[in-house]
1. How high is the relative contact order of the chain, in percent, with contacts defined as C-alpha pairs under 8 Å that are six or more residues apart?
2. Quick check: the distance between the Cα centres of the range 324-386 and the range 102-126, to the nearest angstrom?
3. Give me the base-10 log of I(q)/I(0) for the range 248-384 at each q in 0.11, 0.12 Å⁻¹, Debye formula, one uniform scatterer per Cα, rounded to two decimals.
4. Classify the range 178-218 as rounded, prolate or oblate from the Cα gyration tensor: take a ≥ b ≥ c as the square roots of its eigenvalues, call it rounded if a/c is under 1.5, otherwise prolate when a/b beats b/c and oblate if not.
5. About the Cα centre of the range 248-384, what is the dipole size in debye to 20, counting +1 per Lys and Arg Cβ and -1 per Asp and Glu Cβ, all else neutral?
6. Ranked highest first by average number of other Cβ atoms within 10 Å, how do 267-274, 105-112 line up?
7. What residues qualify as long-range amide H neighbours of residue 50, i.e. H under 5 Å apart, gap of 5 or more or another chain, H built at 1.01 Å from N?
8. Set Lys and Arg Cβ to +1 and Asp and Glu Cβ to -1, take the dipole of the range 244-378 about its Cα centre, and tell me which of 363, 346, 325 lies farthest positive.
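None of the figures in this text is laboratory data; all of them are computed from the coordinates on show. No experiment lies behind these values; they were computed from the predicted model shown. As a convention, Cβ positions derive from the backbone with ideal geometry for all residues, glycine included, and neighbour counts pool all protein chains shown.
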Amino acid sequence: MSEARRIAIGENAQVSIIIPTYNESNNIIRILKSIGENLPKNVIAEAIVVDDNSPDSTGKIVDDYLKNVKKIAGYTMNIIHRTSKNGLSSAILSGVQRAKGDTIVVMDSDFSHPPQIIPKMIESLKKYQCDLVIASRYIRGGKINGWTLKRKLMSKIATLIAKKGLGVKTNDPMSGFFAFKKNILKGINFDAIGYKILLEILVKKSEIAVKEIPYTFENRRFGSSKLDRTIVTDYFKSVWKLYKFGKPKEKEEKRNSVRFLSKASRFYTVGLSGFGINYFISLLFSGGISDLWYLHATIIGIVVSITTNFLLNKTWTFGDRDFSTKKTFKQYGKFVTFSSLGALVQLAMVFYLVDEYQLSYPVSLGLAVLTAAFGNYILNKKFTFKEKVWG
Ligand code: GDD
Ligand code: MN
C-alpha cells in the first residue's frame, strides 16, 4: 500500500463514485471490489451504491458485505436505500447529495463500464483542466461489444437527436459513465426523468469544459437491462423539455424592429422552403415512390408543403411549442385560410391593376405578390400565433 493511501484512512473522500443499482445481486459486490482495486493510489475515494429496494435483495447483499468490509485503505463504501424504483437519473442525484467528494464519478454496476479507466477519467479532469470527463463509445478508440443491432441503432438515433436537436457538441451525450467536479451542478434545476442525467447537464450547463476519452462498452453478463419502453418515452419527454429550456433566453432584450424583421425573414424562408417541398413531394408521388395521376400528386405536394410551412412557422418563426391538439388544429385552420386568402387577394389584385389601372403585368404581379406575402405574415402573426404585430 502506498504512503498516500495509508494517510488517507479516515479522512474525507476526494472522489465519490456513484453506482445506482436495481436488481444487480450478481454484479454489485464484484464491481465494488473491482473499483477498489482499480482506484488510483493517490486518491481518497468513496463508493456510494444507490439501491431502489431491489426485489432480488441487492441492497441486503451490500448491507451484509459492508458489515465485514466497510473500508479498504483510502476507499470507503456506503449504500443509500431508497424505497422504490425511482429512475436512474434521480438515483444518481440522490448519490450526489450524499457525496463527500468534490469529484464525482458516475457508473453502472454491471461491468459495462470498466473500472480500469476510472484513474484516467480522474486524471483527465486535471490534465485537460476541464469540468466534465465523459467515457465515450463514439470517439476514435471507443467501441460497443455485445449489443444487438436494434440497441445500437436506438443509441445512435438518440445520440443524433441530442446532437442535432439540442445542439450538443459531445460525441456520446448518452453515456452513463462520466466524471465531473461537483460544483458544476450548482444552479441546475434538474427534471431528472429517465436515464439522461448527463444530457441534462450538457444542455443546462453548456459553458463547461468537456473532454471525452474512449472506452469499450461491454454488454452485461449477469442480470438484465432496465431500459424499457418507458425509458424511451421518457427520453423524448426530456429532449422536449431541454429543447424548450434552450429557447426563451434569446427572445428578450431585442428591439421590436429587430424582432419584427427577423421573424419576417424566418417566415419567408419557410415560405421558400415550401416551394421546394411542394415541388419535390409532387415529383415523388408522380413517379418517385408511387405513380399517382399528376394532379393528385400536385394536391399532395400542396397539402404537405402547407403543413410543413405551418409547423416550421409555429416552432421556428414564432417559437410556439404548445402542441395541445385543439389549439394546434385551430391555428392550422387559420393558417390554411390565410394562405388561400393570400392567393385570392393576389389574383384579384393582378386583375384590378392590369384592367383598371392599366399597369403592365410584371409590375402588377410584383405588387400583388408583395401585398399577399406581407398580408400573410401580418395576419398569421396577429391572428394565428396571437402576437403583437410590431415586435
Ligand atoms: N437505483 C436505480 N434505480 N438504479 C437503476 C435504475 C433505477 O430506477 N434503473 C437502472 N439502474 C441501474 C442499473 O442497475 C445499472 O447499474 C445502471 O443503472 C444502468 O442500467 P442498465 O439497465 O444496465 O442500463 P443499460 O446497460 O441498458 O444502459 C446503459 O448504457 C446506456 C448507453 O446507451 C446505461 O449506462 C445508460 O445510462 C446509458 O445511457
Ligand atoms: Mn447495463
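1. 13
2. When both Cα centres are located, 60 Å separates them.
3. The calculated log intensity ratios at q = 0.11, 0.12 Å⁻¹ are -0.51, -0.60.
4. oblate
5. On the way: 15 positive and 8 negative charges, 165 e Å.
With Lys and Arg at +1 and Asp and Glu at -1, about 800 debye.
6. On the way: 267-274: 17.0, 105-112: 23.2.
Final packing ranking: 105-112, 267-274.
7. Answer set, sorted by chain and number: 19, 21, 80.
8. Looking along the dipole axis, the top candidate is 325.
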